[in-house]
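Undergrad: Below are the structure tokens for one structure; questions will follow.
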Amino acid sequence: MPAWLMHLLLLGSLCSRVFGAPLHSTHSTSDEETETDPELAAGYFEGDLEVEFGRNGLPKETQRWPNGSVPYKIDEAFDAAQAAHIELAMKLIELSSCIRFVRADEPQKNYVFVTTREKGCTSLVGYGPGRRLLQLTPHQPDKGCLRLGVLQHELLHTLGFHHQHNSPDRDDYVRIEEENIVAGHENAFRKRDDMLLDNYDQPYDYGSILHYGPFAFSKNGEPTIVALEPDKASLMGQRLRLSDTDINRLNTMYKCPNQQ
Ligand SMILES: [Zn+2]
């Protein structure tokens, strides 16, 4: 396929997201190492979710994929088009960093297993020994969990990043409206300890692909996250592309030689 056609197809895919329903990402469970993005699971959002960024990267080297190389296997439950779309999201991250996703050989013990789940999208955060699960509802490409922006959001969790709005300094930038949060999802909005996360010298970013949208896990249609800088409110929850700070954090965490 000629390069111009590839770019055109990619642009078309991205644009479908621009005009699609706003994304909203969501919560983490009590498991410190898991991030769940229940945009679909919660039942309050038909389309998708969003993300944010800030102080959200795991600081320990042992929680990063060695040499920025991420072996993976994709469950055969996904069809060829779905698997290709998941790999396209991986390629987009590779284009902005030194991260490399490589198909895991049979003897490989430590790898990401991209598999299916009934509702929502979720990923373990960071590297660890054994099989690390990234679970996606098997929507068609560009729908739900298989939107390129949502896939990149989940892959950033896999690489070691938490949500932006969980950063220790988030109260300087957003207000959490506790009374509007669906019962049981409060943990998705809690601040994380400064010791557990590193901002990699990047500012809080309303436009991070790891920031939730303003209505994530809303039980009543009212906002759960309010931007203290109103002109930045529309950035929250974007699921189009990695933001500049997303890219900078990723490159810094993995010590990429040619940082942006
Ligand atoms: Zn997430």
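What follows draws every value from the coordinates through simple rules; no lab data is involved. Please read these numbers as outputs of a predicted model, since none were measured by experiment. Cβ: placed from backbone, ideal geometry, glycine included. Neighbour counts: every protein chain shown.
Undergrad: Applying 1/(1 + (r/R0)^6) with R0 = 45 Å to the Cβ-Cβ distance of Lys255 and Glu178, what FRET efficiency is obtained, to the nearest 0.05?
TA: Details: r = 38 Å, r/R0 = 0.85.
Approximately 0.75, to the nearest 0.05.
Undergrad: What does the charge count around Asn67 come to, taking other residues whose C-beta lies under 12 Å from its C-beta (Lys +1, Arg +1, Asp -1, Glu -1)? Mind showing how you got there, number by number?
TA: On the way: positive: Arg64, Arg100, Lys255; negative: Glu61.
Every neighbour counted, the sum reads +2.
Undergrad: Also, I was wondering about something else. From the phi of every residue in region 92-107, what ³J(HN,Hα) in whole Hz does the Karplus formula 6.51 cos²θ - 1.76 cosθ + 1.60 yield, where θ is phi - 60° and glycine or proline is x?
TA: Taking θ as phi minus 60°, the curve returns 4, 5, 4, 5, 10, 7, 9, 5, 10, 8, 10, 5, 6, 5, 4, x Hz for region 92-107.
Undergrad: Can you list the lysines whose alpha carbon is less than 17 Å from that of Lys143, not counting same-chain residues fewer than 8 positions off?
TA: The qualifying lysines are Lys119.
Undergrad: Can you tell me which lysines have their Cα less than 18 Å from the Cα of Lys73? Leave out same-chain residues fewer than eight positions away.
TA: Filter leaves Lys91, Lys109.
Undergrad: Count the net charge of all other residues whose Cβ sits under 11 Å from the Cβ of Asn220, scoring Lys and Arg as +1 and Asp and Glu as -1.
TA: Details: positive: Lys219; negative: Glu177, Glu179, Glu222.
Computed value for this residue: -2.
Undergrad: Sort the following peptides by mean Cβ neighbour count (other Cβ atoms within 10 Å, averaged over residues), highest first: 105-116, 130-141.
TA: Numbers: 105-116: 14.2, 130-141: 17.6.
Highest-to-lowest ranking by the protection proxy: 130-141, 105-116.
Undergrad: Amide H of Ser208: which non-local residues (sequence gap of 5 or more, or other chain) have their own amide H closer than 5 Å, using H built in the peptide plane?
TA: Under 5 Å from the amide H of Ser208: Phe53.
Undergrad: Here is a follow-up. What are the residues whose amide H is under 5 Å from the amide H of Ala216, where those residues sit 5 or more places off or on another chain and H is modelled from the backbone?
TA: Hits under the 5 Å cutoff: Thr224, Ile225.
Undergrad: Let me ask something else about it. Arrange the peptides 73-83, 212-222 so that the one whose residues have, on average, the most other Cβ atoms within 10 Å appears first. It would help to have the intermediate numbers written out before the result.
TA: Details: 73-83: 14.2, 212-222: 20.8.
Taking the mean over residues of other Cβ atoms within 10 Å, the ranking is 212-222, 73-83.
Undergrad: Right, another one. Along region 132-140, what does the Karplus equation 6.51 cos²θ - 1.76 cosθ + 1.60 (θ = phi - 60°) give for ³J(HN,Hα), rounded to whole Hz, x for Gly and Pro?
TA: Couplings: 9, 8, 10, 10, 9, 5, x, 6, 6 Hz.
Undergrad: If you don't mind, another one. Quick one: Cα centre-to-centre distance for region 58-91 and region 189-260, in angstrom?
TA: Spelled out, the Cα-based centre of one part sits 21 Å from the other.
Undergrad: Which peptide among 95-101, 176-182 comes first, and what is the full order, when sorted by highest mean count of other Cβ atoms within 10 Å?
TA: 95-101, 176-182
Undergrad: I would also like to ask the following. Could you list which residues have their amide H under 5 Å from that of Tyr111, counting only those 5 or more apart in sequence or on another chain, with H placed in the peptide plane?
TA: Distant-sequence amide H within range of Tyr111: Gly130, Arg131, Arg132.
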